[in-house]
Amino acid sequence: MILLCNGDSWTQGDSPAQDLNWEAKPNLDWYNIIPNFGEPTIPCNDRITYKFYDSDVWPKVLGEKLGVETWNCGRLGASNQRIVRTTINSIEYLESLGKKDIFVVIGLTSLVRYDMMIEKHKEIKYKPCRVDETKTATDELIQHNLLQLINLQNYLSMKGIDYLIFSAFDQYIENDLKNKPLYKFINFDKIYNNYLKAHFKNYIDNKFNTNWDIKGKYYKTQHPTDFSHNEWGNELHKYIKENYDV
């Protein structure tokens, strides 16, 4: 089995919650980063690609617990639109290498993030944008995110690829989506605990009686530390072993 993980900074890592190592190189034969994080329009050098390679982010923890070849294409600042796009690109990349039996785990990000297509140096690229994250998403963004989620689930089902989706930290995602007509088309059998909440954040907050405004063992600048990534990776391992045939 090949494990492919995707998400935003709560998947790639973020400084200072994770230690930066600009000289890091892949030194494990079972863990690697998808080239350009699955976004070929924005090429990245090795310094960017591997700067959190040495950190215990949850994809690395989960892959080691499962004992499988693991690829991470999570990218800080990513929108759900990018997460969907780079998941598909990454699957196509892995399949081009002859890799089969892919299992996908995705951490959704905030609904207020979105991408814009721009022309730069006569090439079309995606520019990450966001509404003020202290505000709620617009109706248009909510509809767009919902459609992206359904399209991703349909793509994975069409490909016969099993998967698990969770929400990293967006506290409003369930309330934002549930009143939309397309909400009924979400396959909640493939959503962690069969509902959409801030799964990663709530798990850490509830287990350790903390919150992301408290800088220390569990969070730094509102991002989970390696300790919290280890805890979430272990929880995902437990959940997958209990609910999937892997």
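The values are calculated or read from the model by the stated rules, or taken from the named source; none is laboratory data. None of the values given here were measured: they were computed from a predicted structure. For neighbour counting, all protein chains shown are included, and Cβ atoms are generated from backbone atoms with ideal geometry for every residue, glycine included. Protein only, heavy atoms only, side chains kept; ligands, DNA and RNA dropped before computing areas. Shrake-Rupley method; radii C 1.70, N 1.55, O 1.52, S 1.80 Å.
Beta bridges from DSSP with both residues in the chain: antiparallel share about 35 percent, rounded to the nearest 5. Figure note: Met158, Met1 ranked by solvent-accessible area, largest first, 1.4 Å probe, ligands and nucleic acids not counted: Met158, Met1. Toward the positive end of the charge dipole of the chain, with +1 on the Cβ of Lys and Arg and -1 on the Cβ of Asp and Glu, the farthest Cα among Asn32, Asn80, Ile191 is that of Asn80. Here's how it looks for Tyr219: its modeled amide H is under 5 Å from those of Thr225, which are all 5 or more places away or on a different chain.
With the convex hull of the Cα atoms taken as the outline of the range 132-235, the averaged projected area works out to 7.5 nm². Under the convention that each Lys and Arg Cβ holds +1 and each Asp and Glu Cβ holds -1, the size of the dipole of the chain around its Cα centre is about 320 debye. Here's how it looks for Ile102: its modeled amide H is under 5 Å from those of Ile2, which are all 5 or more places away or on a different chain. Over all Cα atoms in the chain, the spread is summed up by Rg and Dmax: 17.0, 51 Å.
Give the residue list of GluC sites (Glu not before Pro) in the range 7-109 that are DSSP loop and have at most 11 other beta-carbon atoms within 10 angstrom. Counting only loop positions with at most 11 other Cβ atoms within 10 Å, the GluC sites (Glu not before Pro) in the range 7-109 are Glu23. Secondary-structure-derived ellipticity at 222 nm for the chain, considering helices only, amounts to -11000 deg cm²/dmol, per-run term -39500 (n - 2.57) for DSSP H runs with n ≥ 4. In this model, which of Lys215/Lys241; Lys25/Lys159; Lys159/Lys215; Lys159/Lys220; Lys60/Lys197 are farther than 30 Å apart at the alpha-carbon? The pairs that break the limit, which is 30 Å between Cα atoms, are Lys215/Lys241; Lys25/Lys159; Lys159/Lys215; Lys159/Lys220. Relative contact order of the chain: 23 percent, from C-alpha pairs under 8 Å at least 6 residues apart in sequence.
Amide H to amide H distances under 5 Å link Glu69 with Leu3, where only residues 5 or more positions off or on other chains count and H is placed in the peptide plane.
A dipole drawn for the chain from +1 and -1 charges on Cβ atoms has a positive end, and of Ser96, Phe52, Ser9 the residue lying farthest that way is Ser9. The magnitude of the dipole of the range 1-107, with charges of +1 and -1 set on the Cβ of Lys/Arg and Asp/Glu and taken from the Cα centre, is near 220 debye.
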